[in-house]
Amino acid sequence: MNSFFFSPSRAGPKPWPNRRKQTNKPAICLCSLSLLAILFLSVFFFITYSEIPKSIFSISAAFSGSVEFPQCRSDTLTRTLLGQRFLLYAPHSGFSNQLSEFKNAVLMSMILNRTLVVPPVLDHHAVALGSCPKFRVLSPSEVRVSVWNHSVELLRSGRYVSMGDVVDISSLVSSSAVRVIDLRHFASLLCGVDLETLCGELGEQSQGYESLRQCGYLLSGVRGNVDGCLYGVDEDCRTTVWTYRDSDGRLDSFQADEKLRKKKKIGYVRRRRDVVKALGRGSEAESAAILAFGSLFTAPYKGSELYVDIRKDSSSVPEVKSLIKKVEFLPFVREIMSAGKRFAKGTIKEPFLCAQLRLLDGQFKNHQEGTFTGLKQKLESLSLKNPGPVHVFVMTDLPESNWTGTYLGDLSRNSTKFKLHFLREEDEAVVRTEKELASAGHGQKFGSIPMSLDSIKKMKKHCSPQKVSNVQLYVEEAVCSCASLGFVGTAGSTIADSVEMMRKFNACSS
């Protein structure tokens, strides 16, 4: 994205007041030394402060939102949003991480009795959080700013695809387990922008763009909370692990070690906090129409969770337990699954092994040999059992032109023993699925604030994506769910985890 609506950067220090010139040189020297000392202390405090989460300081004082943000007038909230209370969050990183956050958001919205605003699928790593284990992350307001800006850019460029367009959430909505609304519909109502007809006409000088910019200020929370309208959650993984019906306020088992505390001058601790006590009934956040989280990503780490630890604490609550089972596996929509099955049956045609090899991104590029080891062992075992060539479907981030000198290159040359299959972005299976997803518009079919049939038709006409990203990845995962000879994935890859989940729930045969 070439331009941003706004930046949450802190303001620089105020300039010192002008002083009259002095003729006494020693006095000038002393004054200069004093200024240097004060400047040094100011810089030291700024650096120290920047390492401490904003939530430690009470800088989010509420103010009168009806003047700053007309969207927050009580009559607007009641008439336009039907008095409902909403939950937003800021997804980031790759698709598998975003899907994991979506599942946590579903649980949070149900527990807090709020309508979940379903976000778009962001471009891979368009927004990066940082590292929770290293206590180096963007603040929640900074993540919200980045996600909002990127979402508007997706609208402007004709690439907006909702998570509900890709993942089948019909089982959640039909059972009334959770209420949802598409971000495009929510933004149209709250921001006063007719996105039904203006998706591709959001020039920087347009009124629609200005309205979205103002909404961005509001929803990011960079200017603080707004009584009765917005409550921005400033607690992040550096200080908080969200729980449900767990001991509120006790120390989490994972803390920054002494070396890290000294290096980053960390003076705070991680505590386990009950999400209902902090943000639900009787809390300051309860009255806000919009509750805005930053990241909701979590993962097991050193005996704890990085940020959200609700699932194991909620087994005694039937409604939450039932929803946990529902969100454990959310399948792709039928267009994606059908494409994967067609490729497996119509192109590969034989029993096959799926190999998911992540070789270039992040930490994985330094462990290529280790990644290949598991595949070698599996193929050696299959070769002994199969007289003919072993069919292997390969999904990898390593371009085919770079296979030379790698184990993949060796396999591709050994055509008597192995037959490799893979997808390219220009393949018919990918192109056809992209067109079907763009025209289906599944995400617009669900909403706690209904859209008229005429509005849905207009939204599809003017806001249907011209380009759908990640389709090759979606279809590859669907193909791998059909691999009857097994699956070899990259250790630590969330994509491998996603495929394993699909195979566990027999997605190919359902």
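The values are calculated or read from the model by the stated rules, or taken from the named source; none is laboratory data. Keep in mind that this is a model prediction, so the values were computed, not measured. Virtual Cβ from ideal backbone geometry, glycine too; neighbours counted across all protein chains shown. Accessible surface areas use protein heavy atoms only, side chains included; no ligands, DNA or RNA. Shrake-Rupley method; radii C 1.70, N 1.55, O 1.52, S 1.80 Å.
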Put +1 on the Cβ of each Lys and Arg and -1 on the Cβ of each Asp and Glu in segment 281-341; which of Val327, Ser304, Ala288 then has its Cα farthest toward the positive end of the dipole?
Val327
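Before I look further, what does segment 366-435 give for accessible area per residue, probe 1.4 Å, in whole square angstrom?
Details: 4150 Å² over 70 residues.
Using a 1.4 Å probe on heavy atoms only, each residue of segment 366-435 averages 59 Å².
For the pairs Lys341/Lys460; Lys302/Lys467; Lys345/Lys385, note any where the Cα-Cα span goes beyond 29 Å.
Values: Lys341/Lys460 27 Å; Lys302/Lys467 40 Å; Lys345/Lys385 22 Å.
From Lys341/Lys460; Lys302/Lys467; Lys345/Lys385, over 29 Å: Lys302/Lys467.
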Radius, Kirkwood style, for segment 86-154 when every pair of distinct Cα atoms is counted (Å)
12.6 Å
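Over segment 301-354, what percent of the accessible surface lies on carbon and sulfur atoms, probe 1.4 Å?
On the way: 1320 of 2600 Å².
Heavy-atom surface of segment 301-354 belonging to carbon and sulfur, 1.4 Å probe: 51 percent.
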How large is ³J(HN,Hα), in whole Hz, for each residue of segment 167-176 in order, when computed from phi with the Karplus curve 6.51 cos²θ - 1.76 cosθ + 1.60 and θ = phi - 60°, using x for Gly and Pro?
9, 7, 9, 4, 5, 6, 6, 5, 8, 6
Dipole-positive endmost among Cys480, Met502, Gly447 within segment 435-510 (Cβ charges, Cα centre)
Gly447
Given unit charges at Cβ for Lys, Arg (+) and Asp, Glu (-), the dipole magnitude of segment 206-322 about its Cα centre in debye, nearest 20, is 660 debye
Rounded to a whole number, the Stokes-Einstein D of segment 149-258 in µm²/s (Kirkwood radius over Cα pairs; 4 °C; 1.567 mPa s) is 75 µm²/s
Which distance in Å, rounded to a whole number, links the C-alpha centroids of segment 288-347 and segment 159-188?
14 Å
Taking 51 Å as R0, compute the FRET efficiency from the Cβ-Cβ separation of Lys349 and Lys457 and round it to 0.05.
0.80
Net dipole in debye of segment 387-510 [+1 Lys, Arg Cβ; -1 Asp, Glu Cβ; about Cα centre; nearest 20]:
460 debye
So if I restrict to the alpha-carbon atoms in segment 384-477, what is the Rg, and what is Dmax, the biggest pairwise distance, in Å?
20.2, 61
For segment 240-389, Rg(Cα) over 2.2 N^0.38 Å is 1.56
Name the long-range amide H neighbours of Tyr89: under 5 Å, sequence gap of 5 or more, or other chain; modelled H, no Pro or chain starts.
Phe293
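State which entries of Lys103/Lys365; Lys365/Lys417; Lys134/Lys262 exceed 19 angstrom in Cα-Cα distance in the structure shown.
Details: Lys103/Lys365 29 Å; Lys365/Lys417 27 Å; Lys134/Lys262 13 Å.
Violating the 19 Å limit, Cα to Cα: Lys103/Lys365; Lys365/Lys417.
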Collect residues whose amide H, placed 1.01 Å from N in the peptide plane, falls under 5 Å from the amide H of Val390; neighbours closer than 5 in sequence don't count.
Phe418, Lys419
Using the Karplus curve 6.51 cos²θ - 1.76 cosθ + 1.60 with θ = phi - 60°, what ³J(HN,Hα) values do you get for each residue of segment 125-130, in whole Hz, with x for Gly and Pro?
6, 5, 10, 10, 7, x
Given Cβ charges of +1 for Lys and Arg and -1 for Asp and Glu, the option among Val317, Tyr231, Ile266 whose Cα lies farthest towards the positive end of the dipole of segment 194-338 is Ile266
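Checking the a/c ratio against 1.5 first, then a/b against b/c, what shape does the Cα gyration tensor give for segment 344-395? Mind dumping the intermediate values first?
Details: a/c = 4.88, a/b = 1.61, b/c = 3.02.
Verdict is oblate for segment 344-395.
Roughly how big is segment 66-182's charge dipole about its Cα centre, with Cβ charges of +1 (Lys, Arg) and -1 (Asp, Glu), in debye to the nearest 20? Before the final figure, lay out each step's value.
Working: 11 positive and 9 negative charges, 52 e Å.
It works out to roughly 260 debye.
Answer rounded, prolate or oblate for segment 221-267, using the Cα gyration tensor with square roots of eigenvalues a ≥ b ≥ c: rounded when a/c is under 1.5, else prolate when a/b is larger than b/c, else oblate. Could you put the intermediate results ahead of the total?
Working: a/c = 4.27, a/b = 1.49, b/c = 2.86.
Oblate, because a/c is 1.5 or more while a/b does not exceed b/c.
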In Hz, Karplus ³J(HN,Hα) per residue of segment 284-299 (6.51, -1.76, 1.60; θ = phi - 60°; x = Gly, Pro)
4, 6, 4, 6, 6, 5, 10, 9, 10, 8, x, 5, 10, 6, 8, 6
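Relative contact order for segment 366-510 using alpha-carbon pairs under 8 Å, separation at least 6, rounded to a whole percent? Each step should come with its number before you reach the end.
Working: 95 pairs, mean separation 30.2, N = 145.
Dividing the mean separation by the residue count of segment 366-510 yields 21 percent.
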Stick to Cα atoms and the Kirkwood definition of Rh, then tell me Rg/Rh for segment 80-209.
0.97
